Structure formats: structure tokens, C-alpha cells
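Visitor: What follows is a structure written as C-alpha cells; I'll ask about it next.
The values are calculated or read from the model by the stated rules, or taken from the named source; none is laboratory data. Just so we're clear, the structure is a prediction, and the values are computed from it rather than from any experiment. Neighbour counts are summed over all protein chains in view; Cβ atoms, including those assigned to glycine, are modelled from backbone coordinates with ideal geometry.
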Amino acid sequence: MTDDLTATIARVEQEERELVLAAFSYDEAWRLGTLLYATAVERGLAVAIDIRLGDQQVFHAARPGSAPDNDSWLERKGRVVRRFGASSYLVGLRHESRGTTFEEATRLPLQEYAAHGGAFPLRVTGVGIVGVAAVSGLKGSEDHALVVEALREILAG
């Protein structure tokens, strides 16, 4: 494992420990989704955004330049979070650090799961994971970073 990969895994693990919400409801989902959308508009990003509360899609938006394929990526990355209890980026990085790929190690159907950056667990203190925030349209690391940035802003109040 390279030093860069080790450092990236440690950073993402720290993000997941830090980015824990006091509560998360439909209103918070709307706030997070609209924040992600406004950021994408401001930066001219062609992304699709998906927020889930439990298994329910409570926010979805797509920017010009995104495609129906992005919706598939959102769903596939979100399934990784729900199944493995960690961000889709972290799950993929951990497999890479073991010298394999998520696909090789899990043998899960590619049309249903994607361990690429962009889906992040929505954790609530004392409860655990209550949903998923996901972005698709950029490089996986950039999709992940966009969600992290928005969650940091939400937590900052």
C-alpha cells in the first residue's frame, strides 16, 4: 500500500467520524440537497444529486450536462453505503489497499453496486446511519469531496 493511499484512507475515515449530525429529517435532507445543488450551479458542475432518508429518496436533482447514467451511479454507490456502512469511496479504497478491487473481492453485481466516490453515510449521534447523500458526475474523489464539503457546511450551521 502506498503512503498516499494510506493517508487518503485515514482522511476519509476521519471525515466519517467527524461528519455526524445531531438529527436528520426531511427538512435537513432538503437543506443538504439544495446546498449541494447551489454549489454545483455556482461552480458550473454537471452532476446529479440524491439524498435518501432510510430507503426513501427525499431529494433528487440533476444539472445540465448530467445524464441518466448518473442516476444509475447514484443508486449503485448508495447501495454500497447501505450494505457496508461506510462511504462508497472508503469501501473502494480499502479494497484497493488490500491489492484487489471491490468487484473482485465481493463478486456483487456491477449493475447494482459501485464502490466509487460520491455516496456518503448520513449518521446521527446515538442512532447510526439514517440515510445516504450522493453525487455523481465528477471523478469519484471529487464527488466525495463535494458531499463532504456540504456536510461540513451543514454542521457549521
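Visitor: Starting from residues that are of a type in the set (A, V, I, L, M, F, W, C) and within 14 Å of the chain's Cα centre (by Cα), keep the ones in the stretch 60-85 and report whichever is surrounded by the fewest Cβ atoms within 10 Å (Cβ to Cβ).
Guide: Taking the stretch 60-85 first, the residues of a type in the set (A, V, I, L, M, F, W, C) are 61-62, 67, 73-74, 80-81, 84.
Filter once more, so that each one left must be within 14 Å of the chain's Cα centre (by Cα): 73-74, 80-81, 84.
Numbers: TRP73: 24, LEU74: 29, VAL80: 28, VAL81: 26, PHE84: 17.
Looking at residues that are of a type in the set (A, V, I, L, M, F, W, C) and within 14 Å of the chain's Cα centre (by Cα), I get PHE84.
Visitor: Taking VAL81 as the residue in question, decide whether it is more than 30 Å from VAL41 (Cβ to Cβ) and among the aliphatic types (A, V, I, L, M).
Guide: Working: more than 30 Å from VAL41 (Cβ to Cβ): no; among the aliphatic types (A, V, I, L, M): yes.
Answer is no for this residue.
Visitor: With the condition kept exactly as written, say whether any residue in the stretch 47-64 is small (Gly, Ala, Ser) and within 20 Å of VAL12 (Cβ to Cβ).
Guide: Pass one, the stretch 47-64, residues small (Gly, Ala, Ser): 48, 54, 61-62.
When the remaining residues are screened for being within 20 Å of VAL12 (Cβ to Cβ), the result is none.
Within the stretch 47-64 (the criterion being small (Gly, Ala, Ser) and within 20 Å of VAL12 (Cβ to Cβ)), the answer is no, since none of the residues qualifies.
Visitor: Another one. Quick check on this structure: which one of ASP27, ASP50 is at pLDDT 95 or above, of a type outside the set (Lys, Arg) and within 13 Å of PHE120 (Cα to Cα)?
Guide: Details: ASP27 fails: within 13 Å of PHE120 (Cα to Cα).
Among ASP27, ASP50, only ASP50 is at pLDDT 95 or above, of a type outside the set (Lys, Arg) and within 13 Å of PHE120 (Cα to Cα).
Visitor: Checking the condition over 16 Å from ALA29 (Cβ atoms), in contact with a Phe, Trp or Tyr (Cβ under 9 Å, 6 or more places away or on another chain) and of a type in the set (Asp, Glu), which residue from GLU142, GLU96 passes? Let's see the steps before the verdict.
Guide: Details: GLU142 fails: in contact with a Phe, Trp or Tyr (Cβ under 9 Å, 6 or more places away or on another chain).
Criteria check complete, one pass: GLU96.
Visitor: Answer yes if at least one residue in the stretch 74-91 is at positive phi and touching a residue at least 12 places away in the same chain (Cβ under 8 Å), and no otherwise. Lay out the reasoning, then the answer.
Guide: Taking the stretch 74-91 as the starting set, the residues that turn out to be at positive phi are 85.
Now restrict to residues that are touching a residue at least 12 places away in the same chain (Cβ under 8 Å): 85.
Yes, because at least one residue in the stretch 74-91 is at positive phi and touching a residue at least 12 places away in the same chain (Cβ under 8 Å).
Visitor: Using the structure shown, decide if ALA7 is small (Gly, Ala, Ser), at pLDDT 95 or above and farther than 22 Å from ALA150 by Cβ. Show your work before the answer.
Guide: Values: small (Gly, Ala, Ser): yes; at pLDDT 95 or above: yes; farther than 22 Å from ALA150 by Cβ: yes.
Yes, satisfied.
Visitor: Of the residues ALA23, ALA29, ALA40, ALA10, which single one is in a helix (DSSP H, G or I) and loosely packed, with under 13 Cβ neighbours inside 10 Å? Steps first, please.
Guide: Values: ALA23 fails: in a helix (DSSP H, G or I); ALA29 fails: loosely packed, with under 13 Cβ neighbours inside 10 Å; ALA40 fails: loosely packed, with under 13 Cβ neighbours inside 10 Å.
Criteria check complete, one pass: ALA10.
Visitor: Those residues that are within 22 Å of GLU15 (Cβ to Cβ), of a type outside the set (Val, Ile, Thr) and surrounded by 14 or more Cβ atoms within 10 Å (Cβ to Cβ), I need them from the stretch 86-110; list them, please.
Guide: Those that are within 22 Å of GLU15 (Cβ to Cβ), of a type outside the set (Val, Ile, Thr) and surrounded by 14 or more Cβ atoms within 10 Å (Cβ to Cβ): ALA86, SER87, SER88, TYR89, LEU90, GLY92, LEU93, ARG94, HIS95, GLU96, SER97, PHE102.
Visitor: Turning to a different aspect of this structure: Among (1) assigned to a helix (DSSP H, G or I); (2) surrounded by fewer than 22 Cβ atoms within 10 Å (Cβ to Cβ); (3) within 15 Å of the chain's Cα centre (by Cα), there is one condition ARG123 misses while meeting the rest; what is its number?
Guide: Result: ARG123 passes all but (1).
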